[in-house]
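See below for the structure under consideration.
Taken together, the values in this text are just the output of simple stated rules run on the coordinates, not laboratory data. Values in this document were obtained by computation on a predicted structure and should not be read as measured data. Here the Cβ positions follow ideal geometry from the backbone for every residue, glycine too, while neighbour counts run over all protein chains shown.
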Amino acid sequence: MLNQFLSEIQNGEIAFPLVELTLHRGDGQQHVGTGHLVWTQDGCRLHAVTDGGSILQREFGRFPGRPGEIIPENQYLSMNGRTQDGWRFTVERLDRSGYHVHSGRETIVWRIANDGFRSHVTYERERSTGDVASAAYVAIASGLEFGSWPRSTETRVENPAFGNQRQERDWLQFPTSFGDVAVRKVNSDLTMIRVSEVKRSQLTEARAAIQAALSYVDGRRCEIHAFCEYDGGVERRWLSSFMDRQRNQRIHSPLDRAGRVAHCLEPMLGCLCNFFLTEEGQETYKFLDAWMDAMDNRFTSRVMVECSIVEALARQICKNNPTIGISEQPKEVLSAVDRLKDQLHAMDYSASTKERLTSLLGMVRNRSAKDRLFAIQRAGWGGVSVDEISSWSALRNKVMHGDSPIGDGSLPRFQNAVTHSAKIANLINRMVLQSAGYSGSFFDYSTWMPAELPAGDIE
């Protein structure tokens, strides 16, 4: 069953004849009939004949909103239906365009093509006794490039004339708090993920955590294109159009493409999966996702995002780890700031001037990002170095004030900025991996060599 499902995904098209279907509209109207649903990697297409032609004829010429306004969600269609062999279908967010009605007739002919439009198809059925699978969850995701996979698959062809045997490093496995996760490379475009014994209540969170961990370690978003899950006597499948194509550029992930720290791939993924299950981990991944999203932008934009992520991580780490020991400003300093604010409000300055001066006083009152980073460095968190903080400060001060990080664009200045950016990536990786509780090797982009992350929590 799973091999057939994978083959259908690789072919790029799956057709479902629906003996019953109902199209639901946000305003509560329904259209009932029969049809044919086709899922493709670019979207899905629905050809159907339903009732309700007189309703659409009365609405002809009406528009959901004015130009420039976002079309409300209730203007889209959703669909449920049933196939002859028992699959129950649900499709979310179908575009309402693509129907034809005849005057005086009640039937509607729908030809909806959601190419280039994100659609999700969910279908399920009761499992027969023969459909036994050892996995609770199997997903098909975008291709991963780890440089070197730690485990091998042995393929043996038994044939008296043309038999052969070969081995290929193409999979890995690691334990997590929700079950053992196995990941195997199908080809350069697709990867299969398998989780055993995962609880139904943890499936959604586990799926997101696996996706986040694989994305971060691979250096670009790992998109889940399809999955199967087994919930008691129900087999459930989900398909998504391949709308989010992979980025060309990767972030400086904690593992290099050459596989020099491949022996740490499995323990690192296990730690990260558990971390991304937590509230702190989910917040951290939002920063990492923004980093990945910025990689195809210009160098200045990427540096701006990287510097902002460092500040956000430093704030989060100091908030969640009071033992780092960053202290608030002395009471006399806080009192002086409050007195100055009171005097400022009484002065005859313009509103914009008062706002800017109040902002400056707020910076004095609160600890800066640099204060937090040096507190993290003194605490030994992740082995953060003064040199890495200095690189962050050098580029941050430029990009946040509208200056180019590469100055006049000369080769020496550009090289200097690239070196600083690599050290900022180190800074991000150190803080993320330490927060996840990981200890072991990772790739150091300041030396372009493997390095060791300190073990244990900071006391």
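If you wrap a convex hull around the alpha carbons of segment 140-254, what volume per residue comes out, as a whole number of Å³?
So the per-residue hull volume is 149 Å³.
Hey, rough spin-label estimate for E279 and F374, points 7 angstrom out along Cα→Cβ, what's it come to in nanometres?
Taking the simple label geometry, E279 and F374 are separated by 3.2 nm.
State which helices in the chain qualify, where a helix is a whole DSSP H run, it must extend 15 Å or more along its own axis by its Cα atoms, and its mean Kyte-Doolittle hydropathy must be at least 1.0.
Counting only whole DSSP H runs, the qualifying helices are 265-276.
Rank these for me by crowding, S142, S404, going from fewest to most other beta carbons within 10 Å.
Least to most surrounded, the residues fall as S404, S142.
Beta carbons within 10 angstrom, averaged per residue: use that to sort the peptides 412-418, 423-429, highest first.
423-429, 412-418
Which entries of K341/K398; K370/K398; K319/K370 show an alpha-carbon separation above 23 angstrom in the structure shown? List each step's numbers first, then the result.
Numbers: K341/K398 29 Å; K370/K398 15 Å; K319/K370 15 Å.
Exceeds cut-off: K341/K398.
Plugging the Kirkwood radius over Cα pairs into Stokes-Einstein for the chain, at a temperature of 37 °C and a viscosity of 0.692 mPa s, what D comes out in µm²/s?
After rounding, the answer is 126 µm²/s.
What is the gain in length, in nm to one decimal, between D403 and A346 on full extension, counting 0.36 nm per residue of separation less the C-alpha to C-alpha distance?
Taking 0.36 nm per residue and subtracting the Cα distance, the gain is 17.0 nm.
Order the peptides 266-277, 185-196 from the highest to the lowest mean number of other Cβ atoms within 10 Å of their residues.
Details: 266-277: 22.2, 185-196: 17.3.
So the order, starting with the most tightly packed, is 266-277, 185-196.
Please list the non-local residues whose amide H lies under 5 Å from the amide H of S119, H modeled 1.01 Å from N, same-chain partners needing a gap of 5 or more.
Residues meeting the amide H criterion: S241.
To the nearest 500 deg cm²/dmol, what mean residue ellipticity at 222 nm is calculated for the chain from DSSP H runs of n ≥ 4 alone, each contributing -39,500 (n - 2.57), summed and divided by the residues?
Working: 11 runs with 162 residues, N = 459.
For the chain, the value works out to -11500 deg cm²/dmol.
Taking Cα centroids, how far is segment 156-171 from segment 259-333 in Å?
44
Hey, fewest Cβ within 10 Å first, where do Y445, Y230 land in order? Spell out each step's value before the answer.
Values: Y445 22, Y230 19.
Lowest to highest Cβ neighbour count: Y230, Y445.
Can you tell me the relative contact order of the chain? Whole percent, Cα pairs under 8 Å, sequence separation 6 or more.
Taking the mean separation of contacting Cα pairs over the length of the chain, I get 12 percent.
Given Cα pairs under 8 Å that are at least 6 residues apart, what percent is the relative contact order of segment 341-452?
20
For S393, S441, what's the fewest-to-most ordering of other Cβ within 10 Å of each Cβ?
S393, S441
Using the reciprocal of the averaged 1/r over all distinct C-alpha pairs, how large is the Kirkwood radius of segment 161-319 in Å?
By the Kirkwood definition, the hydrodynamic radius is 17.5 Å.
I'd like the distance between the alpha-carbon centres of segment 423-452 and segment 399-422, rounded to an integer number of Å.
Their Cα centres are 23 Å away from one another.
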